[in-house]
Each structure stands twice: as structure tokens, then as C-alpha cells.
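The values are calculated or read from the model by the stated rules, or taken from the named source; none is laboratory data. Keep in mind that this is a model prediction, so the values were computed, not measured. Glycine gets a Cβ as well: all are built from the backbone with ideal geometry, and neighbour counts include every protein chain shown. Accessible surface is based on the protein model in full, side chains and every heavy atom, while ligands, DNA and RNA are left aside. Shrake-Rupley method; radii C 1.70, N 1.55, O 1.52, S 1.80 Å.
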Amino acid sequence: MRPDTSIAVAIIGGGIAGVTAAIGLLSKGISVKLYERASAFREIGAGIGLSPNAERAMLLLNPDVHAVFKKVATPNTEDWFQYVDGFNKSEKGDGEELLFKVYLGERGFEGCRRTDFLNELVKLLPEGCVEFRKDLVNITEPQDEGTMITLHFADGSTSTADVVLGCDGLRSRVREHVLGVEHPAVRPSYTHKLAYRGVIPIEDAIQAIGKEKSLTRFMHLGPGCHVLTFPVSMCTMLNVVAFVTDPNDWPSLDQTTLPATKEEVLESFASFGPVVTAIMNLLVHKLDKWGIFDLHESPVTTYVSQGGRVCLVGDAAHAAAPHHGAGAGSAIEDALALAVALEEVDKTLSASQQPVSRQMAISAAFSAYESVRYERTQWLIESSRFMGEVFEWQTALCEADPANCQSEVEWRSHKIWDYDVDQMVEAVSAIFGSKVSEALGHDRGL
Ligand SMILES: Cc1cc2nc3c(=O)[nH]c(=O)nc-3n(C[C@H](O)[C@H](O)[C@H](O)COP(=O)(O)OP(=O)(O)OC[C@H]3O[C@@H](n4cnc5c(N)ncnc54)[C@H](O)[C@@H]3O)c2cc1C
């Protein structure tokens, strides 16, 4: 028979949120089963940057996660994130004027290829803890706390768990369970920006735009479009994300990625300056374009189900446009908060003199998780949209005075990067403790 003190956690989705949450929970001795719809772990070859707050969260989650990131991450050659005018041709230097730069902080903002990071992360998962080709379609969460939650998969199979973490991304099925299928946040909104993504061999980039522009992080700003570039794969490739404002509706109901051509990109950036044009010319002929969706227009009102045993993590909870480059970092912060909260459940259930029920402890843990995560992650959604407008010269504030642009980028970035992760961990434990005491007091009629 299952010991009363243990909890069985099911994780839906094997992206960065699901895999880091699984590693974090396993490190705390908690039993985890991860269900992924695809037939293998899959990430795209494009780059991803992880900011200092994400690195601090990795260290607390499990130092091996951080070691894996350091193994695949490419250090910047500068301590600054530089913002340049990619549109107007400057008479000076390489034709791009430096508008401002923002200090990157103690650990920088290092980039890697997503595939490299995920491939290394999954090596930290023990054999047997992942099931592939498990497409979750529904969840039954009984009100009766003695009965486990049932997961229903598209292949007709079912599985049970005490706790479910919905790490199933932008179009989350678990979100439907938490909010109800009629809730508007079940459908993410198109931000009317799309992104073309590519990686370019670094020698080609250096030849076309020089060493300085190829070996560190730059944001090339302009009207209605902007481009982010940073080195990945140990400086052997330059990662390019070219954003374009799109007045139209996204043409697909179920696909967020559609095929595109280099001609399309060149057309969008036709009036841009020489550096951006040179970068675009280096892209391959057939590429993908990504519709940028978020949960801004209809926010997720709670991350925890009414029954209190299912919760949302990463993009499933708070998908944001990528203009802060912070979505995956936030997912890692979520994973840490949950690992701490569910460890508190385990500890509380093991302390036999405490008459705390499994349900009460889980509900206190998720309540603590939501308390520390909701405001910050909802702010990220809103701020990410705003940053997209700042970078594409679409805000009156920045038009009035470009210095406003710098100060907006600076305080918002540092709000993300300088986050006190230790304090978050302490807050989770403290809130959990007070929720449990409150519930026990209530039970005793105090
Ligand atoms: C252009 C772009 C650039 C970005 N750049 C950065 C950056 O530099 N830094 C950063 O921190 N963030 C960045 N982000 C954001 C980041 O990519 C996301 O926030 C992060 O990948 C979300 O991870 P996730 O695990 O929550 O979701 P996902 O990566 O979407 O993973 C969800 C997983 O769940 C699985 N799944 C879905 N439905 C089901 C189901 N029903 N049953 C079972 N499994 C299911 C999927 O197959 C998938 O494996 C960027 C995003 C974009 C679009």
C-alpha cells in the first residue's frame, strides 16, 4: 500500500517548465511521472537566452541544472546589452548608431540552442519517469479528497496522481480544466507580431557585420520591426530573431508556426539600415515564421483548480510575448517555487503528530505557489507587450524622448534579472506554514 506520507505528482508536458519541474521535485525525493504528447523530447534549433534570475533559480532547483546550462551556454563578450538604431543609416562606424546600453548584471544573459539545453536536461531524469505519446485530453479531479485525480489520454489510457502540474504550454489542456472550457483565457491572443527565426554560421556573420556585432547581444530597433541577435553554440552560430508587426489576423487556428520565405523577410526589412539588411541576407531561403501569442487580453485568473490539486506552470499559466526573453526563465522560477512548496507537503505529511490531510497540505502548497508567482508573471505578460512597442517605436512615450526608451528598458529588465530568488523560496515556506496553521485552526474551530 502507498504510504500516507508520500505524494504522487503528474506533470503534463516536457518543455522547459515540465522538465525542470520534474528535476526539481525528484531532487526533493518526490515521486514524479511526466507525460509528453510527442514521441520524444523536442525543441527547435533556435536560440534562447537565460537571464541571471533564471540562473539563480537553476542553482537552487538543482546545481546540475545550472551546470548543464553552463555547459551549453555561450558567454557574451560584453557585459552590456546594446540597443542600436537598425533603421536609419548612420554616417559613423558600421552604419548603426548605438542608442543606449543596459548593464547585464553579475551573470550576463547567456544564449544557447534550445535543443542543446533540453537534450542535456533530460539526461538528469531517471529512466522510467517519462511516458511519451501521452496526449492529455481531460482531467477528473474528485472533490472527495481520498480519491486520486484521473488523467485521460487521447489513446484511451488513464493514469492517476495526487497532484497535477500543467506544463503543457501556450495551448494548455490543463488550463481548460483549471478555468473551465468557456473561460476566455483558454484561447491565447495574437499580439499582431510575428517572428522569423534563424541561426547563421558565425564566420559568415563576422564577414558581413563584423566581430563586435556577431559576438554579443544586440537589439536592432526600428519602426514596425526589430531584430534580436546573440551568439549561440559556443560562438559558432549567430541566433537571429526578426520581429515584424502584422496588422492581419494570424491565418491558422491551431498552428503557431507556419512556413515562410526569405523574400518575405527581406520585404519586411527593405527600408532598414545596412547591418540589418546584411543579417537578413544571410538567412536560409526556407524558414518558419512564429505567430507571437500571449495571455494578455484575457488573463488567467487563477493558476490553481477549484479542487486545489491541479495547477498551471510556465506558458500554460502565463505565456508572454518574448520581448523580455524571460518566459523560460520564469518557468524555471515556477519550477523552483513548486519544488519547495511540494517538499513542504512531504515534510508536513511525514511529521506524524500533525493531523494535516493530504488535501489540506496540497492546497496550502499551491496557494503559496500562486501567492509568490501570480503578480510577477502577470506583470511580465503586460511588460513584454509594452517592450515590443518600445523596440518598434510605437509608443508616444519613447517618441517624445528617446531617453525614456532607455529608462523603460532598464528598470523593466532589472526587475526581471535582479529578482530575489532566495526571498521567493523563503516566502513559499512561510506562506505554506501560515496556510496550514490557518486550516488547522479552522478545523479546531479557533
Ligand atoms: C520567438 C521566441 C523567442 C523566445 N526567447 C526566449 C528567451 O530568449 N528566453 C526565455 O526565457 N524565453 C524565451 N521565449 C519563451 C519561451 O520559449 C517559453 O516561455 C518556454 O519555452 C515555455 O516553456 P513551457 O515548458 O512552459 O512550454 P512549451 O515549451 O510549449 O512546452 C509544452 C510541452 O507540453 C507538451 N504538451 C502540450 N499539450 C500537451 C498535452 N495535451 N498532453 C501532453 N503534452 C502536451 C508539448 O508537446 C510541449 O513539449 C521565447 C519564445 C518565443 C516564441
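Computed over protein heavy atoms with a 1.4 Å probe, the accessible surface of the stretch 8-443 works out to 40 Å² per residue. Label point of Val284 set 7 angstrom out along Cα-Cβ; within the stretch 193-215, amide nitrogens under 18 Å from it belong to 195-205. Simple rule: put +1 on each Lys or Arg Cβ and -1 on each Asp or Glu Cβ in the stretch 113-236, find the dipole, and look at Leu121, Thr140, Cys225; the Cα lying farthest toward the positive end is Cys225. Where both bridge residues fall in the chain, DSSP classifies roughly 75% of the beta bridges as antiparallel. Under a 5 Å amide H cut-off, with hydrogens placed 1.01 Å from N, Glu131 pairs with Leu34, Tyr35, Glu36 among residues at least 5 apart or on other chains. Counting every C-alpha pair in the stretch 167-293, the share spaced more than 19 angstrom apart comes to 54%. In this structure the amide hydrogen of Phe100, modeled in the peptide plane, comes within under 5 Å of the amide hydrogens of Tyr83, none closer than 5 places in sequence on its chain. Here is the list for the stretch 60-166: GluC sites (Glu not before Pro) lying in DSSP coil, each with at most 12 other C-beta atoms within 10 angstrom of its C-beta, are Glu91, Glu106, Glu127. Using the Cβ-Cβ distance between Glu399 and Ala8 with R0 = 45 Å, the FRET efficiency computed as 1/(1 + (r/R0)^6) comes to roughly 0.25. Unpaired Cys in the chain, meaning no second Cys C-beta under 4.7 Å: Cys112, Cys129, Cys167, Cys225, Cys235, Cys311. In this structure, the pairs whose alpha-carbon distance is over 19 Å, taken from Lys28/Lys70; Lys28/Lys123; Lys262/Lys289; Lys70/Lys211; Lys134/Lys347, are Lys28/Lys70; Lys70/Lys211; Lys134/Lys347. Backbone phi angles across the stretch 71-77, fed through the Karplus curve with coefficients 6.51, -1.76 and 1.60 (θ = phi - 60°), yield HN-Hα couplings of 5, 9, 7, 9, x, 6, 8 Hz in residue order; Gly and Pro are listed as x.
Over the stretch 221-304, the ratio between the Cα radius of gyration and 2.2 N^0.38 Å evaluates to 1.30. For the stretch 347-446, just say rounded, prolate or oblate: build the C-alpha gyration tensor, square-root its eigenvalues into a ≥ b ≥ c, call rounded for a/c under 1.5, and beyond that prolate if a/b exceeds b/c, oblate if not. Verdict is prolate for the stretch 347-446.
Phi-derived couplings, Karplus 6.51 cos²θ - 1.76 cosθ + 1.60 at θ = phi - 60°, listed residue by residue for the stretch 315-327: 4, 4, 8, 8, 4, 10, 4, x, 6, 9, x, 10, x Hz, with x used for Gly and Pro. For the chain, the residue among Leu258, Ser214, Ile381 whose Cα projects farthest onto the positive side of the dipole built from Cβ charges is Leu258.
Using the alpha carbons alone, the radius of gyration of the stretch 196-241 stands to its Kirkwood radius in an Rg to Rh ratio of 0.97.
Computed over the stretch 352-410, the alpha-carbon pair-distance distribution with 10 angstrom bins reads 19, 29, 18, 14, 12, 8, 1, each value a whole percent. Across the options Ala337, Gly273, Val300, the greatest Cα extent toward the positive end of the charge dipole of the stretch 265-345 (unit charges at beta carbon of Lys, Arg, Asp, Glu) belongs to Gly273. Once the trypsin sites (Lys or Arg not before Pro) in DSSP loops with at most 15 neighbouring Cβ atoms within 10 Å are cut out of the chain, the longest remaining piece is 134-443. Only helical runs count toward this figure. For the chain, summing -39,500 (n - 2.57) over DSSP H runs of n ≥ 4 and dividing by all residues gives -12500 deg cm²/dmol at 222 nm. Would the chain count as rounded, prolate or oblate if I go by the C-alpha gyration tensor, calling it rounded below 1.5 in a/c and otherwise prolate when a/b exceeds b/c, oblate otherwise? Prolate, since a/c reaches 1.5 and a/b exceeds b/c.
Counting only the Cα atoms, the stretch 309-384 fills a convex hull of 64 Å³ per residue. For the stretch 1-136, carbon and sulfur atoms together expose 49% of the accessible surface, with a 1.4 angstrom probe and every protein chain in place.
Here the stretch 8-443 is assigned +1 on the Cβ of each Lys and Arg and -1 on the Cβ of each Asp and Glu. Its dipole about the Cα centre then comes out at about 800 debye.
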